[in-house]
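What follows draws every value from the coordinates through simple rules; no lab data is involved. Not measured: the values here are computed from a predicted model. Every residue, glycine among them, receives a Cβ derived from its backbone with ideal geometry; neighbour counts consider all protein chains shown.
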Amino acid sequence: MSDAHSDYFFRVRENGAAVFTVDTENRNRRIEMKQIAVVNTRNGEIKPQGNRTLSDHEKQVIRDWMETRVASLAARSIDDIHRTVDHLNLTAHWAQTKASDAQLDEVTDALLMAMHDLRSVLARKKADRLERADEATDNASQT
């Protein structure tokens, strides 16, 4: 196995993973996996399993995986938001061109409430960002 991570398997679960060592060099020529740790990507916690003490190398492999995983999840999250924008545009087109009155009756209230909530959050967050930018500009001009 060529890279350091191939000696380890990460079984992804919500908020992290179970970490296993992978052994293919045994007399039965079977893949054997032994759980060595559980990791939490939200708080960065690494819990060794059983009485095991993780080596510095194992800790580094796990930290590297966690860093990559967090970056991957962040990229997926923003990609999901871009898809949501596309989906909102497709929904507007559907409502304008294809939806029946019964279909519109079924979804209009829920869509309006969700869009109102989203608009409120986005407007508040934008106002907060503009306020912080103004404060930063004022502080910079005072120095």
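At-a-glance table
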{"item": "Helical contribution to [θ] at 222 nm, DSSP H n ≥ 4, -39,500 (n - 2.57), averaged over the chain, rounded to 500", "result": "-22000 deg cm²/dmol"}
{"item": "Highest-MSF residue in the chain out of Met33, Met66, Met115 [GNM, Cα springs under 10 Å]", "result": "Met115"}
{"item": "Lys, Arg +1 and Asp, Glu -1 on Cβ, resulting dipole of the range 100-143 about Cα centre, debye, nearest 20", "result": "300 debye"}
{"item": "Potential extension, Thr137-His87 segment - 0.36 nm per residue separation minus Cα distance", "result": "14.3 nm"}
{"item": "R0 of 22 Å, Cβ-Cβ distance Val107-Arg76: FRET efficiency to nearest 0.05", "result": "0.25"}
{"item": "Residues Arg63, Arg124, sorted so that the one with the fewest Cβ neighbours within 10 Å comes first", "result": "Arg124, Arg63"}
{"item": "Correct choice for percent of Cα pairs over 22 Å apart that was computed from the model, options [x] 65; [y] 35; [z] 38", "result": "[x]"}
{"item": "Charged-residue dipole, Cβ positions (Lys, Arg, Asp, Glu), the chain about Cα centre, Debye nearest 20", "result": "600 debye"}
{"item": "Sequence-distant residues sharing a close amide H with Ala37 (under 5 Å, placed H)", "result": "Val19, Gln49"}
